[in-house]
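The values are calculated or read from the model by the stated rules, or taken from the named source; none is laboratory data. Keep in mind that what you see is a predicted model, and the values were worked out from it rather than measured. Neighbour counts run over all protein chains shown; Cβ positions are idealised from the backbone, glycine included.
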Amino acid sequence: MPGSASFVAMHIAAGTIALGTFWLSASLRKGSHAHRLCGRVYLVAMCLVIASGVPLTLARLSAGQVAGAAFLGYLLLLVGTSVWLSWRAVRDRAQPARYLGRTYHLLALANPLAGLAVLWLGVDRGQPLLAGFSLVGILTGIDMLRRRRSIPAQPRWWLQEHYGAMVANAAATHIAFLSIGLPRLVPVLQGPAWFYLAWFGPVLLAVATRLWLDRHYRIAPLPRGRPVAHA
């Protein structure tokens, strides 16, 4: 596809900015102006990662790399979901019904369906990475459908939704760096053991971090029937 090199360069540049601004935002006081500004830059960078990833997916498809194109498209869906959730959770914090609208339900259904398709493809092509990573989309969709029932009863639901999505964003950002960027800088890491550690390590760490944050920020649901006053 003409211009593929430009899209690759954009993809790498946006990913590098995302990696840097993620840690900068994480180090700043939560809710501060600097934290919000870095968070916006991070999300814009992630949107550029997604936008530049679309033509790269089409290029693989046109080259006959069906499995590679399907997996890259699946990854773009996962990243797009976490970026949307992290943004809308803050924007719609006073309107949970708006947050739980059509787009939320569409993503909640698209993730597990895409995950099942990637699972089939991974088993059919004998590719463990596709088969194993398919669980991320499946479990993401199930978790989204589960959370839609508890969100209206949580006064600070948006906080849990925001940090949960940002943890997922962090996993995506670091997978790209560990599986592609770092092995090019440190050739000794170019091996199957590091390959799978780079893909699944950040996911497991993200799950552990999410569980820790849930315990740290745990907010008990309101008693049934009691109205919710949103900030």
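Here the condition is being part of a helix (DSSP H, G or I), surrounded by fewer than 15 Cβ atoms within 10 Å (Cβ to Cβ) and modelled with pLDDT of 90 or more; of Leu129, Leu106, it holds for Leu106 alone.
If you check Ser86, Ser25 for being farther than 18 Å from His11 by Cα, among the small types (Gly, Ala, Ser) and in contact with a Phe, Trp or Tyr (Cβ under 7 Å, 6 or more places away or on another chain), only one passes: Ser25.
Between Val207, Val188, the distinction of being in a helix (DSSP H, G or I) and under 15 Å from the mean Cα position of the chain (by Cα) belongs to Val207 only.
Is one or more of the residues making up region 61-69 surrounded by 20 or more Cβ atoms within 10 Å (Cβ to Cβ) and in contact with a helix residue (DSSP H, G or I) (Cβ under 6 Å, 6 or more places away or on another chain)? No, every residue in region 61-69 fails to be surrounded by 20 or more Cβ atoms within 10 Å (Cβ to Cβ) and in contact with a helix residue (DSSP H, G or I) (Cβ under 6 Å, 6 or more places away or on another chain).
Pairs are defined by a Cβ separation below 7 Å, a sequence spacing of at least 6 or placement on different chains, a first member in region 179-202 that is loosely packed, with under 13 Cβ neighbours inside 10 Å, and a second member that is outside any loop (DSSP other than H, G, I, E, B); the pairs so defined are Gln190/Pro183.
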